[in-house]
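Derivation of every value follows stated rules applied to the coordinates shown; laboratory data play no part. Quick caveat: nothing in here was measured; it's all calculated off a predicted structure. Every residue, glycine as well, gets a Cβ built from its backbone with ideal geometry; the counts of neighbours run over all protein chains shown.
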There are 2 protein chains.
Amino acid sequence: MTELPESKVDVLIIGAGPAGLMLALWLSRLGVKTRIVDKRIAKVYSGQADGFQVRSLEILDSFGVAERVWKEANRMLEVSFWNPDENGTIQRSAKSVNTIPGLSRFTESVLHQGRIEQFFIDGIRASYPSNEEPLQVERMVIPTSLEIDEATAEDPDAYPVTVTLRHLTEEEATPTQMLSNLSDGIFRSNLAEDDVAGILDRSKGWEARDEVVRAKYVVGCDGAHSWTRKALGKEFEMKGESTDAIWGVMDIVPITDFPDIRFRTMIQNTAGALMIIPRENRMVRLYIQLKEVSAGGGRVDRSQITPEIIFKSAQRIFSPYKLEYHYCDWWTAYQIGQRTGDNFSKLNRVFLAGDAVHTHSPKAGQGMNISMQDSYNLGWKIGLACKNILPRDVLSTYELERKKIAKDLIAFDGKFSKLFTGAPPKDIQSETGVSDDVFQKAFHTSRMFTTGVGVNYQPTVLVAKEADTVSDTDDLPNILVKSVAKSTQSLATNCKLGQRFPSYKVIRQSDARLWELHHKIPSNGRFRLVVFGGDISQPTQRNTVNALGAWLSSYLPKLPTIALCPASDPHSGEIKFKTGEDPSIVDVVLVHTAPRDEVDLLKDVHEAYHPFDSKLGWDYDKVFVDGETFYEEPERAYERYGVAKGEGAVVGLRPDGYVGLVTSVGGDGAEQIQKWFDGIFQRS
Amino acid sequence: MTELPESKVDVLIIGAGPAGLMLALWLSRLGVKTRIVDKRIAKVYSGQADGFQVRSLEILDSFGVAERVWKEANRMLEVSFWNPDENGTIQRSAKSVNTIPGLSRFTESVLHQGRIEQFFIDGIRASYPSNEEPLQVERMVIPTSLEIDEATAEDPDAYPVTVTLRHLTEEEATPTQMLSNLSDGIFRSNLAEDDVAGILDRSKGWEARDEVVRAKYVVGCDGAHSWTRKALGKEFEMKGESTDAIWGVMDIVPITDFPDIRFRTMIQNTAGALMIIPRENRMVRLYIQLKEVSAGGGRVDRSQITPEIIFKSAQRIFSPYKLEYHYCDWWTAYQIGQRTGDNFSKLNRVFLAGDAVHTHSPKAGQGMNISMQDSYNLGWKIGLACKNILPRDVLSTYELERKKIAKDLIAFDGKFSKLFTGAPPKDIQSETGVSDDVFQKAFHTSRMFTTGVGVNYQPTVLVAKEADTVSDTDDLPNILVKSVAKSTQSLATNCKLGQRFPSYKVIRQSDARLWELHHKIPSNGRFRLVVFGGDISQPTQRNTVNALGAWLSSYLPKLPTIALCPASDPHSGEIKFKTGEDPSIVDVVLVHTAPRDEVDLLKDVHEAYHPFDSKLGWDYDKVFVDGETFYEEPERAYERYGVAKGEGAVVGLRPDGYVGLVTSVGGDGAEQIQKWFDGIFQRS
């Protein structure tokens, strides 16, 4: 055996689906040396995941990659319920709002997975200067061995993970199913066996195309059949249950007289249950209960499942409405079940994210979203650890924060799926079925969870709050003792500790332009202090705000700085000129309520709120007003953030936009800010 | 001499600046065989034109290429005026709104010309199926001869224009100024001589690199020194006047304590006049009056003009505020003057557009806008004539409609420039200078003109209206007798005949999504009937609307159909599936006011409003509601369009979105519609 080529990398990502690409995007924005490999020959071109929940869209927007999703996706604004009337004929029993209004600037939307994969790739490319080679997905590559050197696991400069990678030929990497039928999605469904063993078998004896990679971190984003999970050993196995229920899925351009075909619609009758997801490109996705097919306690006979059988079931459920199609873009089938694992990380060196640690049924449009949100949670922690900005132990918060979400998801999906598969009621009083009323109520209660906005992270050094419930702290690692900072939630009642900071529009002091505040706190690795300064035209209040500014000017230089990439301010277009100095890891944004014309940005407001750069001059992009413009109705941002104009508040944000501290502008505000940041950066 | 290679093309565009690229974009959307050549080696990378007026943004948006401008550009929302106080120190004398609020969803914005050139090129590429080679700009190509065969000029199938093109080497195509200083814009300013003669001289004897092109149409978009204009002869010469005033221009990232540096600002004091245009990338553009330099009745000595001299002038005008910079992106200088020509076309076979027929000073941000709007007016007329959908004589409306705009522009610019160059008043009562009050008033009166929204085209077959003024009809060619259709403007008071149809938001019946109505009437070559149907839940009104639908179903098939390109619906993302049939040249859109849930799109509304396609089924994208949603405040579209809910109206639109007909839903509405379209399509 010849010596294999060997190289080093900070982070190796295994799997280039939405979870892996989200992580690659984060790391590219942070300038961390990364590789991402995938066993498939190409990205997905049709079908697969399609639902974008509002929190996912906000996250994508924080990188500047939501615009194209928001433009191309179909938005699902209302939901319709159809049930049999006394004659057994389906009729609309209710129609109501789909996403809770006012929750976000986005609503639930639908676009096939291949598009978002492309947008991720474009977003990664935008992170690099034009004269640098951007991170690219290395396709047709599979890992064949993984080892962690436990002796150096805690050394921040070590590369303790060793992975062998095998580069495949096109033929080896092409699933046999793809060769026969391009639109068949079964080979990626949970009805299919894993194909890695087969691929490895076919590629035997090709050691010349192997290489060895030494990495600081490895992240398995390699899906339900995760090779990485298996390589980590038995204690990483997922546990859970499956039912016998089989559902079919079809993406078609429907030709139908059914009136609600462009609304998200649930139909239940004696022929079965069906969900309509209207999508882009005049398509709809149909989720169709297959009564003829059953897993029967074991594996299902896949040869029984054909598009013809799925479509006939759909037609029966649609009856008396007609349903035909000329175009079918994709189809698949799956068995309902829920599984998750107890361990998301080994030694904080190898991590699992997405389907590799939780699988469930697709009908609530959660899989891709929770997966992307997993690696969104992990990305900045790994990235800043690689850059020695954060101590390594912060990585333990990944499992703490995301395992709870996975368990909630599994519990939710179990309930939600059962509702769907319950026999439909003959009438509302039926005792055997799920009544329409119960179904609708359950549907609406689930909305806050499914949007992703409800996520509430536990107290740690990153989130200075008391535990919301006792069970919350069960898993808290000792090393992540709670923050010594003390928040005062009542100062900003709608900036909830542990939850994502919401976005409302504020006016830029320097040029009167209205901005979503989210667009001023993009995902570029920086922590934030949003200073709600109140009416700074009042001398007392102005002095309080400027005193905090003066303190920040002396404290922030003690914290690390961070180099920003070209796409670090993704809502402002091309960045052409270089700054003179790297900015602080903490970004300060001031939102006041004084009349705009009574404030002179340079004279009245402390320099901490408009920092000077030796090449670019003053920063005109850090001071905003909750007030009036000639062009739009006032947004009442203070009211919506739950901040009193008289008192103000300081809200501390993590790089992922979650609220970690709420304190006062004056009083002991500065002390709490220092405690919070010292607890994060200066612990070790 | 060897035989030159020869080829045919429908349209040859000379010049790939904004005017030429707009035309290329139109023609690519219409599927017309086009070539576009440019003498320069590359597109513009910095400086040049930068102002986007709201009508231009609406037009770009009608092709789906405004989004990136709107994102990257700096928006100018307020304007500030500074004048000397009694001590001669500049102080802010007024601050007010810049673009009239409510006029458009856009406001005046600033982005350098190179970006929009890139967006045009991307927009052109999107017009072609992925398996076709898109139209590309052929650079380093100059025309050397042009002839029109008058004998075949009126034959719609002939290629009567013959042009010889010369392909240059890199060295020949590079202006000597560019070799020495990349950021020097003087070589493109009106202080520079034309460089084509020099280029031709250098390329003598290279006939092997010439080719002959036979074209149906040739359009000269080749700028102030237009080769095409010269080739057309003496009667195409531009006339006008120049003053001796020279202004300098600099794009810098300013380091300054001047408070209004991010607002559009006019400063006038004894040191001179200056305008600040805040732009993208932390830059500002400064327009600076150069008192030291003068054209002195003849050509200016260009060696006197350096960035140092320009910047020193700026510093004097800014005083006592400080102004420095580290980055300068571009600079130039120009002499104030206005010129235009009497002829915009020869035999309706060769046309001139943009700077080739009107030049003026740049301070009002008009040049690029009027130029793009010229070729936006011309593009669909040439394109539909090439496809034999429109009779050729419609091309005469180009000169009729755009010459008036050019003359208005020249008159406006003369006045506007004088205002600027007037000596500043020592105090408001000064008799020698332009008082601040007069200046501000003039500035605000000009706003409707500068936005481009004020454009009002004359009566022709395309616009069924009476002449607004006597002089309006002076130039009317006999062949374009006024439309025999008769409009009733009072039915839709804010859909003004001859003006652009405004955009308000309406709700899609099929899925409750709110859309800008402009996004449903993109520039894809189709005429439109916007049927304001009123409350169709009332049987009488529904019958009236459906009777018109029935009539349309029998009339429209007598008109031509049009093949649509992949980007023909640019606000809906990727188009994946092919339609079964080409649609009619007339697109019908219904906007009603009935409660949404009381209308069943397929049952209650005539098929003319949701046409059936054999492959894609019913069209769910043609019926909209002025009503309520869960997510946004009602838009009150009927009120804003000036349409009564009880009566409704039908508004006929040209492919460029200008109102050509206003008539009734019932009564003689159908008769007027037929008269209007027959007058356009069936005249010959």
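Brief remarks on what is shown
- Averaged over the residues of A:91-103, the number of partner chain Cβ atoms lying within 10 Å of the residue Cβ comes to 2.
- Cα extents of the stretch B:1-61 along the three principal axes, largest first (Å): 50, 29, 11
- Of the GluC sites (Glu not before Pro) in the stretch B:94-141, those whose Cβ has at most 14 other Cβ within 10 Å and which sit in DSSP loop: B:132
- Positive-end residue of A:444, A:571, A:69, charge dipole of chain A with Cβ unit charges: A:444
- Each 10 Å bin, from zero up to the one with the longest distance, holds this percent of the alpha carbon pairs of the stretch A:227-279: 16, 33, 19, 19, 12, 1.
- Separation of alpha-carbon centers, the stretch A:354-378 and the stretch A:501-518, rounded to whole Å: 31 Å
- Positive-end residue, the stretch B:323-397 charge dipole about Cα centroid, Cβ charges, pick of B:327, B:391, B:344: B:391
- Inverse mean reciprocal Cα-Cα distance (Kirkwood Rh) of the stretch B:585-629, Å: 11.3 Å
- Anisotropy class of the stretch A:562-684 from Cα gyration tensor, a/c 1.5 cut: oblate
- Percentage relative contact order, the stretch B:67-157, counting C-alpha pairs under 8 Å, at least six apart: 23 percent
- Cβ-placed point charges (K, R +1; D, E -1), dipole of the stretch B:274-388 about Cα centre in debye, nearest 20: 180 debye
- Rg over Rh, two decimals, the protein assembly as shown (C-alpha only, Kirkwood Rh): 0.97
- Packing, as the average of other Cβ atoms within 10 Å across residues, places the peptides A:85-98, A:263-276 in the order A:263-276, A:85-98, highest first.
- Phi to ³J(HN,Hα) by Karplus 6.51 cos²θ - 1.76 cosθ + 1.60 over the stretch B:605-619, Hz, x for Gly, Pro: 10, 4, 4, 4, 9, 8, x, 8, 10, 5, 9, 10, x, 5, 8
- Top positive-direction residue, dipole computed over the stretch B:259-395 with Cβ charges, set B:375, B:359, B:286: B:375
- Look at the stretch A:130-141: the mean tally of other chain Cβ atoms within 10 Å of its residues' Cβ atoms is 0.
- For residue B:86, inter-copy separations between label points set 7 Å beyond Cα along the Cβ vector come to 9.1 nm, shortest first.
- Student exercise, the protein assembly as shown dipole from Lys, Arg, Asp, Glu Cβ charges, in Debye to nearest 20: 540 debye
- For residue B:325, distant residues with modelled amide H under 5 Å away: B:255
- Note: the stretch A:67-158, Cα convex hull, 299 Å³ per residue.
- Beta bridges by DSSP in chain A, antiparallel share as percent, to the nearest 5: 70 percent
- Listed values for the stretch A:222-233 are Karplus-derived 3J(HN,Hα) couplings in whole Hz (6.51 cos²θ - 1.76 cosθ + 1.60, θ = phi - 60°), namely 9, x, 4, 8, 2, 5, 4, 4, 5, 5, 7, x, and x replaces Gly and Pro.
- Counting Cβ atoms of other protein chains within 10 Å of each Cβ in A:570-579 and taking the mean gives 5.
- Beta bridges per DSSP with both ends in the protein assembly as shown, % antiparallel, nearest 5: 70 percent
- Relative contact order for chain B, counting Cα pairs under 8 Å that sit 6 or more residues apart, in percent: 15 percent
- Diffusion constant of the stretch A:304-363 at 4 °C, which comes from Stokes-Einstein with the Kirkwood Cα-pair radius and 1.567 mPa s, µm²/s: 85 µm²/s
- Under Stokes-Einstein, with the Kirkwood radius over Cα pairs as Rh, the value for the stretch B:483-593 at 10 °C and 1.306 mPa s is 99 µm²/s.
- Peptides A:566-577, B:450-461 ranked from most to least packed by the mean count of surrounding Cβ atoms within 10 Å: B:450-461, A:566-577.
- Long-range amide H partners of residue A:535 with built H, under 5 Å: A:593
- Against chain B, whose longest principal axis is taken from its Cα atoms, helix B:113-125 shows a tilt of about 30°.
- Among B:121-129, B:619-627, A:188-196, the peptide with the highest mean count of other Cβ atoms within 10 Å heads the list, and the full ranking is B:619-627, B:121-129, A:188-196.
- When Rg and the Kirkwood Rh are both derived from Cα coordinates, the Rg/Rh ratio for the stretch A:361-401 amounts to 1.14.
- For the stretch B:503-613, a simple Cβ point-charge model (Lys and Arg +1, Asp and Glu -1, everything else neutral) yields a dipole of about 220 debye relative to the Cα centre.
- Counted charge near residue A:521, where neighbours are those whose Cβ lies closer than 9 Å (Asp, Glu -1; Lys, Arg +1): +2
- Charged neighbours of residue B:236, selected by a Cβ distance under 14 Å, balance to +2 (K, R count +1; D, E count -1).
- Net charge of neighbours whose Cβ lies under 11 Å from the Cβ of residue B:638, counting Lys and Arg as +1 and Asp and Glu as -1: -2
- The calculated 222 nm mean residue ellipticity attributable to helices in the protein assembly as shown amounts to -7500 deg cm²/dmol, summing -39500 (n - 2.57) over DSSP H runs of n ≥ 4 and dividing by all residues.
- Using every pair of separate Cα atoms, the Kirkwood estimate puts the hydrodynamic radius of the stretch A:252-327 at 13.2 angstrom.
- Label geometry 7 Å along the beta-carbon vector: residue A:209 inter-copy distances in nm: 4.5
- Between the amide H of residue B:337 and those of B:243, B:361, distances stay under 5 Å, these residues lying 5 or more places away or on another chain, with hydrogens modeled in the peptide plane.
- Residue of chain B with the smallest Cβ distance to the axis mapping B onto A, distance rounded to whole Å: B:67, 4.
- Span from the the stretch B:217-259 Cα centroid across to the the stretch B:580-638 one, whole angstrom: 46 Å
- Each copy carries a label point for residue B:309 at 7 Å from Cα toward Cβ; from one copy, the others' points are 8.6 nm away, ordered from shortest.
- Kirkwood radius and radius of gyration were both taken over the C-alpha atoms of the stretch A:503-547, and their ratio Rg/Rh is 1.03.
- The phi-based Karplus calculation (6.51 cos²θ - 1.76 cosθ + 1.60; θ = phi - 60°) puts the 3J(HN,Hα) values of the stretch B:60-73 at 4, 5, 5, 9, x, 10, 8, 4, 6, 4, 4, 6, 8, 6 Hz, whole numbers, x for Gly and Pro.
- In whole angstrom, chain B maps to an equivalent ellipsoid with semi-axes of 43, 33, 22, each derived as √(5λ) from the alpha carbon gyration tensor and ordered largest first.
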